[in-house]
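Participant: First the structure, then my questions, so here it is.
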Amino acid sequence: PVQFTLDQTARAMHAVIDPHLRKINSRSRVGRSRVREVLRQIVTDGWPPDFEPDPERVAHWRAWLITNGIFTDDTQ
């Protein structure tokens, strides 16, 4: 299995989920079950072309991953 750090996972969520949210215009559809799907997409397809991470969005997803218990504060 591929291991993702908290920061890598936050960046992946930003790369995949944020554009998806713009399409559906709703945060209500994002759930813990999406995390595995997002990481699988990054592993199989690579990072989206020309993806430039926004530090504020990466920080948002980092906090979201901790809040939802996917990572803990001491997990790097």
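Participant: Points 7 angstrom from Cα along the Cβ direction at Val2 and Ala59: gap in nanometres?
Facilitator: 2.7 nm
Participant: Less than 15 Å Cβ to Cβ from Pro48, Lys/Arg counted +1 and Asp/Glu -1: what total charge do the surrounding residues give?
Facilitator: Values: positive: Arg11, Arg22, Lys23, Arg40, Arg57; negative: Asp18, Glu37, Asp45, Asp50, Glu52, Asp54.
Net of charged neighbours comes to -1.
Participant: Follow-up. May I have the pair-distance distribution P(r) for the chain, computed from all Cα-Cα distances with 5 Å bins from 0 and rounded to whole percent?
Facilitator: So the P(r) values, bin by bin, are 3, 16, 29, 29, 18, 5, 1.
Participant: Quick one: accessible area per residue over the chain, 1.4 Å probe, rounded to a whole number of Å²?
Facilitator: With the other protein chains kept in place, the chain gives 69 Å² per residue.
Participant: With all protein chains present, how much of the accessible area of the chain (probe radius 1.4 Å) comes from carbon and sulfur, to the nearest whole percent? Mind dumping the intermediate values first?
Facilitator: Working: 2520 of 5220 Å².
That fraction is 48 percent.
Participant: How much length would be gained if the chain were fully extended between Asn68 and Ser33, taking 0.36 nm per residue of separation minus their Cα-Cα distance, in nm to one decimal?
Facilitator: 11.5 nm
The values are calculated or read from the model by the stated rules, or taken from the named source; none is laboratory data. No experiment lies behind these values; they were computed from the predicted model shown. Note: ideal-geometry Cβ built from the backbone for every residue, glycine included; neighbour counts use all protein chains shown. In case anyone asks, the SASA skips ligands and DNA or RNA and just uses the protein heavy atoms, side chains included. Shrake-Rupley method; radii C 1.70, N 1.55, O 1.52, S 1.80 Å.
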